Structure formats: C-alpha cells, structure tokens
Ligand code: ADP
C-alpha cells in the first residue's frame with residue numbers, strides 16, 4: 001500500500017461488503033442466549049402494551065355506555081401491572097445489553113490489538129500511528145451501543161411493527177391500508193439517501209483518522225515543535241484538520257435531517273388523513289367505524305411511526321458502524337508477511353556465526369536498498385558497522401532479526417536459513433537495542449526486567465551492577481522502585497542506554513544488535529557506557545552501528561557500508577592501511593574524536 005500521512009485520506013471502499021456484517025455476527029454469536037432473554041423481555045412487554053389502545057376502544061365503546069365501573073377498574077389495574085412489568089423488563093434489558101456490548105467490543109479490541117502485535121515493521125512504516133490508534137480505540141468503542149442495544153432494539157422494533165400492523169388490521173382494514181400509503185414515499189427517501197449517507201460516514205471516519213494521526217504526531221514531536229517555535233503553525237494545521245472533521249460530520253448528519261422530518265411529515269399527513277376520513281365515515285355510518293375505533297386507531301398510528309423512526313436512526317448508526325467496521329476488519333485481515341513458514345522449526349541454541357549471502361532488499365518496490373550484500377562473522381566477535389547516513393546499516397541489522405523479509409539471497413545463522421525457523425525462537429536469542437533506548441512507564445526495576453520477565457530482583461540488580469548502571473539508579477529517590485514515565489523523560493540519554501544494557505544482559509542473547517546513540521555524552525558517562533558495553537559484549541556475536549571511536553577501534557572487525565553494499569571489511573588498522581573509503585570517513589568525520597582520544 002502507498003505511504004499514508006495525516007493529510008492523506010485513506011482509500012474508501014466503493015462497494016459494501018455484506019460479509020463484514022456476517023463477521024460481526026460471529027462476535028455476537030456466543031451471547032445469543034442472553035440476547036434471546038433480552039429480546040423475550042422486550043417483546044413480551046411491548047406486546048402487552050399494544051393492548052392499551054384496545055382497552056381504550058373497549059372502555060369508550062362498551063364499558064362507558066354500559067356504565068360498567070368494575071370492568072373499567074379491572075382494566076386500569078391490568079394496565080398498571082403491564083406498566084410495572086415493562087419497567088422491570090427495560091431494566092434487565094439495559095443490564096444485559098450493556099454487558100454484551102462491552103464484552104463484544106473487548107473481544108474486537110483484543111483481536112485487533114493481538115494482530116497489531118504480529119504485523120511486521122513494514123505495516124507501521126506505511127501509516128501514521130494515530131491512524132492505527134483510532135481504529136483500536138475510537139472506532140471499536142463506537143460499535144458498543146450498536147452491537148448490543150442496536151440489535152435488540154431493531155428486532156424489537158421490527159416485531160413491534162408487525163404487532164401493531166396485526167392490531168391495526170384487526171381493528172380496521174381500510175383505515176390500515178390508508179395509513180400504509182406513506183410507506184412507498186419513505187422507501188423513496190431511503191433509496192435516495194442510502195449511498196450518499198454511507199459515503200459521507202466513510203469520509204467522516206477518514207477525517208477523524210487524519211485528525212488523530214496529527215494529534216499523535218504532534219504529541220510525539222512536542223519537544224521539536226517547542227524548540228523550533230512551531231506551535232502556531234501546528235495549531236493552524238490542527239484547526240484545519242479539526243474543521244475538515246467537523247464539516248465531514250455535519251455533512252454526514254445532514255442526511256438525518258432529511259430522514260427524520262420526512263418520517264414526521266409522512267406520519268402527520270397520514271394521521272390527519274385518518275382523522276378526516278374516519279370522522280367522515282363515522283358521520284356517514286360507513287364501514288362500521290366508531291369513536292372508540294378511531295381513537296384506538298390513531299393511537300396505533302403514532303406507535304406505528306415510532307419504531308420506524310428508531311429503525312431509521314439505527315440505519316444511520318449502522319452506516320456509521322459499517323464505515324468503522326471496514327477499517328477494523330481491514331486491520332484484522334492485514335496479511336502478516338513476516339511470519340513462520342509452514343515447516344518452520346525452532347532455532348537451535350545460537351553459537352553466533354552470521355552469514356549474509358547475496359542479500360538484496362527493498363522497502364518499497366523498485367527502490368533497492370541492499371544490493372547483493374555478503375559477509376560471514378565468527379561466533380563471539382564484535383562487528384562495527386560504519387558508513388554514511390542512509391547507507392543501509394540499520395537495514396542490515398533489521399534483517400538479521402528478520403523484521404523484514406529479504407527480496408533475494410539468504411541470511412544464515414550457524415548455517416541455518418533464518419526464514420526456516422520460528423520467529424519467536426530466533427528473536428528470543430537476540431538482543432536489540434535501538435538508538436533511542438525505549439523506556440516504558442513503570443519502575444526502573446520493571447524496565448530492566450522487561451528483558452526477562454522471570455528474573456528475580458537480585459538478578460535485575462546484578463545485571464545493573466555488571467553494566468555499571470547500579471550507582472546512578474541508587475542515587476534516584478526510590479532506587480530501583482523509582483517510577484519513570486513513557487520514553488523515560490526523567491532519565492538522561494546515557495542513563496537510558498545503561499538501563500537498556502542491563503535489560504539486554506538479563507535477556508542474555510546469543511547475538512546482540514546495538515544502534516549506538518550519536519548524541520554527545522560527557523566523558524564520565526562515555527567511560528561508564530564503554531565499560532558497561534564491554535561487559536555486555538563478552539561471549540556473544542555483536543553488531544554495533546558504531547559512532548564512538550572507542551567502539552569502532554575495539555571491534556573485532558569493521559564493515560564499511562555505502563549505498564547498500566559492503567565496500568570494505570577488516571580491522572581498524574587494516575582499513576586505515578587500505579586508505580580507502582573507511583580511511584576517508586575516518587579522517588573527515590572522526591578527526592575531532594581522535595583529538596579527544598589523544
Ligand atoms: P543507515 O542506518 O545507514 O543510516 P538505513 O538502513 O536506515 O541507513 O536506510 C537505508 C536507506 O533505506 C535510506 O535511503 C532510507 O531512506 C531507506 N529507508 C530506511 N528505512 C526505510 C523504511 N522504513 N521505508 C522506506 N525506506 C527506508
């Protein structure tokens with residue numbers, strides 16, 4: 001798929017796929033028993049309330065002329081009992097439907113989140129994270145009411161309509177036929193509105209997605225925004241996106257403003273018609289219409305249009321929901337293209353020899369990033385990968401953990417092709433530390449334990465001591481129990497990196513991949529980091545995208561990468577002696593480091 005941004009709408013599906021509704025019913029299926037109970041409660045209570053107009057007709061036409069007070073009292077008590085029963089039914093229905101709605105939404109949310117956990121990096125490369133978040137949170141939440149109350153109310157309303165029609169026909173066939181004259185007009189309105197309304201809700205969901213994407217991006221980039229004093233520009237982009245969302249929403253609800261007045265007008269006109277014709281028939285003594293029948297009938301008419309009104313509003317929420325469901329199922333159905341093959345076996349314990357054999361790779365079709373990269377490493381050695389920005393260094397290390405599939409060629413670890421082993425068993429034996437060491441919200445202890453959830457407190461502390469992180473942790477107000485927030489804004493870059501060293505050590509990976517931070521760090525922290533790093537590297541094959549001269553010089557071998565190819569490989573001294581690309585890079589970029597080291 002094409003790359004997407006907050007200012008690019010996602011593609012809108014033209015045709016509605018009915019299978020989506022079928023899939024929703026799969027989520028509803030486990031609760032069909034409870035739904036049936038709720039439905040029974042609603043139907044029984046509404047069937048009983050249908051008797052009220054009949055009662056009125058009987059009282060008017062029979063019991064009042066007969067002065068039968070006893071019968072009137074009995075009917076009044078019966079009506080009260082029905083009202084009480086209805087209240088109890090509604091209370092239970094609300095309880096059941098709320099519970100079911102939330103359970104279904106929880107299941108949908110969990111399915112989409114589980115799938116997101118498995119989707120490869122390429123999925124996240126292609127779209128803003130806010131557009132993914134809006135699907136898991138907003139879209140799923142807005143389905144809750146539809147999937148519980150919506151279903152029950154629709155079935156109840158449809159049954160009510162049938163009940164009412166039966167009672168109306170029982171009361172007076174001709175008057176009922178006059179009342180039904182309004183329905184073809186309503187059908188015409190629905191046909192006119194349907195397509196336009198669906199498209200309007202799809203556009204609205206796109207605008208909501210764009211807005212969320214921009215909010216997420218702005219929050220993540222707030223430091224840069226404030227340091228470049230871009231608040232005003234950001235606010236105007238935000239206002240533009242928010243306004244697009246507002247007008248898309250207004251456009252979508254405009255169709256409700258067509259629908260409801262239409263239903264109201266049709267119902268008013270037919271009621272007036274029934275009164276005029278009914279009174280004419282009473283005074284002419286035609287077709288057996290009495291005052292009681294006319295009053296009862298008009299009471300049914302108002303009840304007849306009531307469910308049609310709620311069905312119309314359900315129809316509207318259904319169209320909104322469909323727009324959201326398209327996005328939800330699109331995410332759940334997103335193919336996981338980096339996954340275990342059918343014959344995948346667990347990766348045996350890794351000794352540490354990594355071989356690239358003519359590896360070609362591209363992120364996007366037609367833009368080749370790695371071009372026939374080949375190299376082989378010895379177990380236990382440290383490999384520094386150097387080269388200009390954009391050369392393909394991160395890409396090489398991302399492929400070792402199989403975050404992406406290679407286009408052609410092979411990557412072997414101890415002679416085993418990594419595409420033939422399970423991802424879990426492969427990645428479990430690798431430690432990866434990105435340049436910006438990610439810190440999760442929680443305690444420092446939790447953050448280190450992330451590397452091995454079964455590690456004891458003592459093991460966590462030993463790991464921290466080994467990589468020289470213990471001292472600074474103990475200086476914090478609550479030591480290992482100090483709370484840090486997401487991304488570790490309370491910690492310095494060096495401290496974050498030491499925590500990530502301890503985390504990696506606890507994981508005890510056979511292969512370590514490290515994207516070294518470029519930020520300049522004070523000499524004391526640099527020494528500390530180097531010490532921590534040396535202990536971490538002991539006994540494992542390591543790949544370091546190296547920026548610090550000390551790391552590069554200490555590496556067993558250096559791979560010099562440029563334009564997706566390995567141009568030179570050797571030790572620091574060998575490469576300097578070659579006086580090739582590494583030598584030039586070293587001379588131009590690391591001059592100041594040399595002076596610092598000397
Ligand atoms: P280095 O680590 O050497 O700076 P990278 O491996 O990150 O370089 O990038 C190599 C090339 O691949 C660059 O041209 C970069 O623009 C491109 N690239 C990196 N990541 C992606 C991605 N997720 N999608 C598309 N292109 C990418």
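The values are calculated or read from the model by the stated rules, or taken from the named source; none is laboratory data. This one's a predicted model, so the numbers in the text were calculated from it and none came from an experiment. Counting neighbours? That spans all protein chains shown, and the Cβs are built from the backbone with ideal geometry, glycine included.
Here's the yes/no breakdown for (1) more than 22 Å from residue 466 (Cβ to Cβ); (2) modelled with pLDDT of 75 or more:
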| residue | (1), (2) |
| --- | --- |
| 520 | yes, no |
| 526 | no, no |
| 531 | no, yes |
| 534 | no, yes |
| 539 | no, yes |
| 544 | no, yes |
| 555 | no, yes |
Return a yes/no flag: does segment 67-85 have any residue that is within 21 Å of residue 293 (Cβ to Cβ), part of a helix (DSSP H, G or I), more than 44 Å from the chain's Cα centre (by Cα) and at pLDDT below 90. no
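Yes/no per residue for (1) more than 16 Å from the ligand (Cβ to nearest atom); (2) in contact (Cβ under 8 Å) with a residue 24 or more places away in the chain; (3) in the same structural domain as residue 45 (by TED's automatic domain parsing); (4) over 26 Å from residue 218 (Cα atoms):
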| site | (1), (2), (3), (4) |
| --- | --- |
| 76 | yes, no, yes, yes |
| 91 | yes, no, yes, yes |
| 101 | yes, yes, yes, yes |
| 133 | yes, yes, yes, no |
If you scan segment 375-398, which residues turn out to be under 16 Å from residue 557 (Cα atoms) and surrounded by fewer than 14 Cβ atoms within 10 Å (Cβ to Cβ)? 376, 378
If we scan segment 353-373, do we find a residue that is buried (at least 16 other Cβ atoms within 10 Å of the Cβ), out of contact with any helix residue (DSSP H, G or I) (no Cβ under 7 Å at 6 or more places or on another chain) and not in a strand (DSSP E or B)? yes
Every residue from segment 521-568 that is within 16 Å of the ligand (Cβ to nearest atom) and in a strand (DSSP E or B): 543, 544, 545, 558, 559, 560, 561, 562, 565, 566, 567, 568
Condition (residue is surrounded by fewer than 20 Cβ atoms within 10 Å (Cβ to Cβ), within 16 Å of the ligand (Cβ to nearest atom) and within 30 Å of residue 568 (Cα to Cα)) applied to segment 412-422: is it met by at least one residue? no
Residue that is assigned by TED's automatic domain parsing to the domain that holds residue 576, part of a loop (DSSP other than H, G, I, E, B) and either near the ligand (Cβ under 9 Å from one of its atoms) or out of contact with any strand residue (DSSP E or B) (no Cβ under 9 Å at 6 or more places or on another chain) (or both), where the choices are 390, 380: 390
In segment 451-462, is there at least one residue being at pLDDT below 90, in contact with a helix residue (DSSP H, G or I) (Cβ under 7 Å, 6 or more places away or on another chain) and not in a strand (DSSP E or B)? yes
